[in-house]
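These notes concern the structure reproduced below.
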Amino acid sequence: MRALLAIVLVVGALVGGLLVLRSSRDVGMPGKDVLDRARRREDELRSRERRQDE
């Protein structure tokens, strides 16, 4: 009986942890506009570096 209770508690904790991870996966991620701006800035930097190398 104790083993069954322990198994149920462990499975419940694992499922609860997975649900928390699933619901908070995008927390802290910048918005789409910020990511687009960073991508443009990176592209511009690469193109400047290529021009300097030539």
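Structure values in brief
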{"item": "Of the criteria (1) part of a helix (DSSP H, G or I); (2) under 26 Å from the mean Cα position of the chain (by Cα); (3) loosely packed, with under 10 Cβ neighbours inside 10 Å; (4) charged (D, E, K, R), which one Arg25 fails", "result": "(1)"}
{"item": "The range 28-39: number of residues that are loosely packed, with under 10 Cβ neighbours inside 10 Å and outside any loop (DSSP other than H, G, I, E, B)", "result": "2"}
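Read-outs throughout are calculated quantities, based only on the coordinates presented, and are distinct from any laboratory measurement. Since the model is a prediction, treat every value here as computed from it, not as a measurement. A quick note on method: Cβ atoms are made from the backbone with ideal geometry, for glycine too, and the neighbour counts reach across all protein chains shown.
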